[in-house]
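The values are calculated or read from the model by the stated rules, or taken from the named source; none is laboratory data. Note that the structure is a prediction, hence the values are computed from the model and not measured. Counting neighbours? That spans all protein chains shown, and the Cβs are built from the backbone with ideal geometry, glycine included.
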Amino acid sequence: MLCDNCSQADAVVHLTQIVNNQMSVCHLCEKCAAAKGLEASEAPTNFPLTDFLAQMGGEETAEGSADPGRCGFCGLTFSDFRDTGRLGCPHCWATFEGHLRGLLRRIHGGTSHVGKVYLPPDPTASEREKRLEGLRRRLQRAVDQEDFERAAELRDQIRALEPR
Amino acid sequence: MMDDLATVPDFGLGWLDASGDHPDIVLSTRVRLARNLQGHAFGPRARVNDREAVLGRVRSIAPRMDILRGSSLIDLTDLGARSRRLLLERRIVSRDLLGDNGKAPPRGTAVVLSSRAPLSIMVNEEDHLRLQSLVSGLRLQEAWRLVDRLDEELGGSVPYAYHHEFGFLTSCPTNVGTGLRASVLVHLPALVLTKEITKVLHGLGQVGLTFRGLYGEGSEVVGNFFQVSNQTTLGKSEEDLVDHLDKIVRQVIQYETQARQVLLRDARGVTEDKIWRAYGLLRFARSLSFEELMNLLSGVRLGASLKLLPELRVYTLNKLMIFTQPAHLEQAAGRDLPPAEGDAHRAAYVRRVLATEGDVTPDDWSGRPIPDDPS
């Protein structure tokens, strides 16, 4: 990515500014950054999530509905979440779903889980089917990587689940 | 199931045994899965009855699980303060689980330690369950498989909180999806000495990884040990996360190895001197703070790895790191130790271990008689 200012050197400083609730991102090369009085930090810093959330300001609310209210199960409000960075219970995820999607995109680059598909203790037919799809995907990967021990394990799990 | 620390098989120290790939550079590999049960508030908002219900589920299910047969459930509320610190120093529990004020953690706080595999479960941390495998050396795939088996068995018995789109639900959005955090504790002294480390750490950030100090989140880097782990948990499969970390860590090891060669080529004298001075201090000092010890051990570990101190085994060095921590010294002394006394006990322990397990003969003592004093 080239510097937004001189368009000549690679951008190494990525500056996110929030002015009047408007967020802008500016990519600068080392020289232009230094000219603006900014320096690339020596080592990457681990930002606490709460700082990150505080910086988001009111921006996230714009994406979901106006006010998501309170979680019906544990009573958490979205502003409580913003203060602590922690959700209160599994139901909060459904309550604040719309608001969380934007955050998840920013943290993880997406919102969809593509890992293990959970099979609960007493699964429904559709949970079973989704689990099978997930297992087949993992089996394919193991075969592609010639990890035959893993493939055999996964094949056993698939057989155990498949309707007879 | 037992409730006493003294009865734990190897006290959860299997990860010190210097097995696995690159044990001189990679101290240990950990893979943890964050899981929560349906119907209960998460850790920070959980009430006593939530916490006790979660622990109750684990207490009743664990003995019936094949992978946890013969495991120990340690209730941290009832455990003495020193024993709790021992578990922290052995990296079996997190600072978060214990709370940082030294008081007994709230009811329901517990850890399950398997006696059959290097597996444990923290109960009622930030998430209801933190399943983890902790093994020596670089063994990411193996650690993942172990914890996956535990997860399969446990998740088949208790209903986890799971969302069709977001995956396994967690208290903090940075853990949602797979709930997987894989981390590798690497020793990178040559990258630090050659000042290449900032570049490497910067590079980690660009490929979706992050680093922490010895005791995980919020802890400082001591003794040139860095804990490298995946930053994101959602949008990639567990296998992809683990393989990616493995690939990058192997690259980091290669950079470290190259930096060591540079040190030997361009600054052999200075490097050898640093290593021997570190050894000399450890071997004879009468007082050592933990931080000083870690810095000296870093030099000595580098020396052992470069075969400059060939008699020293990596296992001995691993042991020195763990048993010289404050709670371990107090355990050995059988009483509390004020800092100054702790430093003296630490130095004495190191001298004793090095005298029996790591008495190094300098390579230039060729057995020639020392010439007479010319005067």
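For region A:87-112, residues that are within 18 Å of B:Gly179 (Cβ to Cβ), in contact with an Asp or Glu (Cβ under 7 Å, 6 or more places away or on another chain), crowded, with 16+ Cβ neighbours inside 10 Å and of a type outside the set (Val, Ile, Thr) total 1. Comparison of A:Pro163, A:Pro123 shows that the only residue that is surrounded by fewer than 12 Cβ atoms within 10 Å (Cβ to Cβ) and more than 16 Å from B:Gln141 (Cβ to Cβ) is A:Pro163. Pairing each residue of region A:109-123 that is under 12 Å from B:Val176 (Cα atoms) with any residue that is among the acidic types (Asp, Glu) and in a loop (DSSP other than H, G, I, E, B), provided the two are 6+ apart or on different chains, yields C-beta distances under 7 Å for A:Thr111/B:Glu165; A:Ser112/B:Glu165; A:His113/B:Glu165.
If a residue has to be charged (D, E, K, R) and more than 29 Å from B:Glu330 (Cβ to Cβ) to count, how many in region B:278-313 make the cut? Final tally of qualifying residues: 2.
Of all residues being away from chain A (no Cβ under 14 Å) and of a type outside the set (A, V, I, L, M) in region B:125-157, which is nearest to B:Val186 (Cα to Cα)? Just the residue, please. If we take residues in region B:125-157 being away from chain A (no Cβ under 14 Å) and of a type outside the set (A, V, I, L, M), then B:Gly137 is nearest to B:Val186 (Cα to Cα).
Tell me yes or no: at least one residue of region B:333-342 is out of contact with any Cys (no Cβ under 7 Å at 6 or more places or on another chain), within 21 Å of B:Tyr279 (Cβ to Cβ) and part of a helix (DSSP H, G or I).
Here is the first cut: in region B:333-342, the residues out of contact with any Cys (no Cβ under 7 Å at 6 or more places or on another chain) are B:333-342.
From what is left, the residues that are within 21 Å of B:Tyr279 (Cβ to Cβ) are none.
Scanning region B:333-342, I find no residue that is out of contact with any Cys (no Cβ under 7 Å at 6 or more places or on another chain), within 21 Å of B:Tyr279 (Cβ to Cβ) and part of a helix (DSSP H, G or I), so the answer is no.
Within region B:39-57, the set of residues being within 14 Å of chain A (Cβ to nearest Cβ) and touching a strand residue (DSSP E or B) at 6+ places or on another chain (Cβ under 7 Å) comprises B:Val54, B:Arg57. Please determine, by comparing only the residues of region B:186-199 that are surrounded by 18 or more Cβ atoms within 10 Å (Cβ to Cβ) and part of a helix (DSSP H, G or I), which one is farthest from the chain's Cα centre (by Cα). Within region B:186-199, the match that is farthest from the chain's Cα centre (by Cα) is B:Leu193.
Of the residues screened, B:Val249 is one that is outside any strand (DSSP E or B), at pLDDT 95 or above and not acidic (Asp, Glu).
When residues in region B:297-331 are screened for being assigned to a helix (DSSP H, G or I), within 16 Å of the chain's Cα centre (by Cα) and hydroxyl-bearing (Ser, Thr, Tyr), 3 of them pass. Looking only at residues in region B:234-266 that are in contact (Cβ under 8 Å) with a residue 60 or more places away in the chain and within 11 Å of chain A (Cβ to nearest Cβ), the one that is farthest from B:Gly137 (Cα to Cα) is B:Leu234. Within region B:75-110, track down each residue that is touching an Asp or Glu at 6+ places or on another chain (Cβ under 9 Å) and within 18 Å of B:Arg30 (Cα to Cα). Correct list: B:Val93, B:Ser94, B:Arg95, B:Asp96, B:Leu97. Of all the residues in region A:87-125, those that are under 17 Å from the mean Cα position of the chain (by Cα) and facing chain B (nearest Cβ under 7 Å) number 16. Within region B:81-111, the set of residues being in contact with a helix residue (DSSP H, G or I) (Cβ under 9 Å, 6 or more places away or on another chain) and among the polar types (S, T, N, Q) comprises B:Ser83, B:Ser94, B:Thr109. Restricting attention to region B:144-185, the residues that are of a type in the set (Phe, Trp, Tyr) and in a helix (DSSP H, G or I) add up to 1.
If you go through region B:184-210 one residue at a time, how many are free of Cβ contacts under 8 Å to residues at least 60 places away in the same chain and not small (Gly, Ala, Ser)?
First, the residues of region B:184-210 that are free of Cβ contacts under 8 Å to residues at least 60 places away in the same chain: B:192, B:195, B:197-210.
Still in the running and not small (Gly, Ala, Ser): B:192, B:195, B:197-202, B:204, B:206-207, B:209-210.
Matching residues across region B:184-210 total 13.
The condition of being within 14 Å of chain A (Cβ to nearest Cβ) and either modelled with pLDDT of 90 or more or surrounded by 22 or more Cβ atoms within 10 Å (Cβ to Cβ) (or both) holds for only one of B:Ser60, B:Ser28, B:Ser114, B:Ser71, that being B:Ser60.
Of all residues in region A:76-86, which are at the interface with chain B (Cβ under 7 Å from one of its Cβ atoms) and either aliphatic (A, V, I, L, M) or assigned to a helix (DSSP H, G or I) (or both)? A:Leu76, A:Thr84, listed by residue number.
Determine whether B:Leu297 is touching a helix residue (DSSP H, G or I) at 6+ places or on another chain (Cβ under 9 Å) and surrounded by 21 or more Cβ atoms within 10 Å (Cβ to Cβ).
When the stated conditions are applied, B:Leu297 passes them.
Among the residues of region B:158-213, those that are farther than 17 Å from B:Val242 by Cβ, among the hydrophobic types (A, V, I, L, M, F, W, C) and more than 9 Å from every other protein chain (Cβ to nearest Cβ) comprise B:Leu188, B:Ala190, B:Leu191, B:Val192, B:Leu193, B:Val200.
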